[in-house]
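Asks: Just passing along the structure, written as structure tokens.
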Amino acid sequence: DQQVKQNSPSLSVQEGRISILNCDYTNSMFDYFLWYKKYPAEGPTFLISISSIKDKNEDGRFTVFLNKSAKHLSLHIVPSQPGDSAVYFCAAGNTNAGKSTFGDGTTLTVKP
Amino acid sequence: DAGITQSPRHKVTETGTPVTLRCHQTENHRYMYWYRQDPGHGLRLIHYSYGVKDTDKGEVSDGYSVSRSKTEDFLLTLESATSSQTSVYFCAISEWKGSSYNSPLHFGNGTRLTVT
């Protein structure tokens, strides 16, 4: 039973346009959510996070939206740049659990 | 970058042999994790540690054991490697200040393990 799902394995967008990556979760106990970015041959790096008490968090070009009723979150990248091309992982966890559950990742390609 | 070193970076081993992967941190973080990454499966938690000698299982712990005798080192052992354990293994650390919202994982660069 996969608790965190990224249903789009890949996404391709034009440079300068918006990239929207989606993530769904099933566990109602999750109270924080994170996005990580991964380049080939490197470990994932933290990008942005959001607590369940918020519905939006913004950091520069990156914004994460959380819809708790739908158990859905999304990552918006505006404007997209070729350097954003990477695999993006959604992760979720419970503050008291001490661990995170990851989705399968979405490969973003930003075309010049 | 967080001070996390994984060794070795690459390893090829034969089925049935024991293998130990090492994760070393210089950040003095309390929490350490081992994940594996496989195509189509994302990152799956194998084991994690919340302190010296304190460890717990993740979602794919069968066939793996861990040990943490010092804050800075977290070892992952495959007692008898199988081909299904061919994967990229990532170590991660976290400060875990009571709310992981403020304590994201910091990952090492991975160990690519091939079991033939």
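Asks: Tally time: how many residues in the stretch B:22-43 are crowded, with 18+ Cβ neighbours inside 10 Å and either within 10 Å of chain A (Cβ to nearest Cβ) or over 21 Å from B:Asp62 (Cβ atoms) (or both)?
Replies: Qualifying residue count for the region: 9.
Asks: Does B:Val19 satisfy the condition of being of a type in the set (A, V, I, L, M), surrounded by fewer than 18 Cβ atoms within 10 Å (Cβ to Cβ) and under 17 Å from B:Ser87 (Cβ atoms)?
Replies: On the way: of a type in the set (A, V, I, L, M): yes; surrounded by fewer than 18 Cβ atoms within 10 Å (Cβ to Cβ): no; under 17 Å from B:Ser87 (Cβ atoms): yes.
In short, no.
Asks: Strands (runs of 3 or more DSSP E) wholly in the stretch A:43-105 with at least 3 residues that are open to solvent by less than 60 Å² (accessible area, probe 1.4 Å) and closer than 20 Å to A:Asp1 by Cβ - which ones?
Replies: It comes to A:86-93, A:100-102.
Asks: Can you tell which of B:Thr17, B:Thr5 is assigned to a loop (DSSP other than H, G, I, E, B) and farther than 20 Å from A:Gly103 by Cα?
Replies: That would be B:Thr17, the only listed residue that is assigned to a loop (DSSP other than H, G, I, E, B) and farther than 20 Å from A:Gly103 by Cα.
Asks: Of the residues that sit in the stretch B:46-66 and are touching a residue at least 24 places away in the same chain (Cβ under 8 Å) and part of a loop (DSSP other than H, G, I, E, B), which one is farthest from the other protein chains (Cβ to nearest Cβ)?
Replies: Only one residue fits best here, namely B:Val60.
Asks: Could I ask something else about it? Quick check on my filter: what residues within the stretch A:10-32 are at pLDDT 95 or above and either facing chain B (nearest Cβ under 9 Å) or open to solvent by 60 Å² or more (accessible area, probe 1.4 Å) (or both)?
Replies: Hits for the stretch A:10-32 are A:Ser10, A:Ser12, A:Gln14, A:Glu15, A:Arg17, A:Ile18, A:Ile20, A:Asn22, A:Thr26.
Asks: Continuing with this model, one more query. Since B:Ile93 meets every condition but one in (1) part of a strand (DSSP E or B); (2) open to solvent by 10 Å² or more (accessible area, probe 1.4 Å); (3) within 14 Å of chain A (Cβ to nearest Cβ), which condition does it not meet?
Replies: Among (1) part of a strand (DSSP E or B); (2) open to solvent by 10 Å² or more (accessible area, probe 1.4 Å); (3) within 14 Å of chain A (Cβ to nearest Cβ), B:Ile93 violates only (2).
The values are calculated or read from the model by the stated rules, or taken from the named source; none is laboratory data. Since the model is a prediction, treat every value here as computed from it, not as a measurement. Neighbour counts are summed over all protein chains in view; Cβ atoms, including those assigned to glycine, are modelled from backbone coordinates with ideal geometry. We work out accessible area using only protein heavy atoms, side chains counted, and drop any ligands, DNA or RNA first. Shrake-Rupley method; radii C 1.70, N 1.55, O 1.52, S 1.80 Å.
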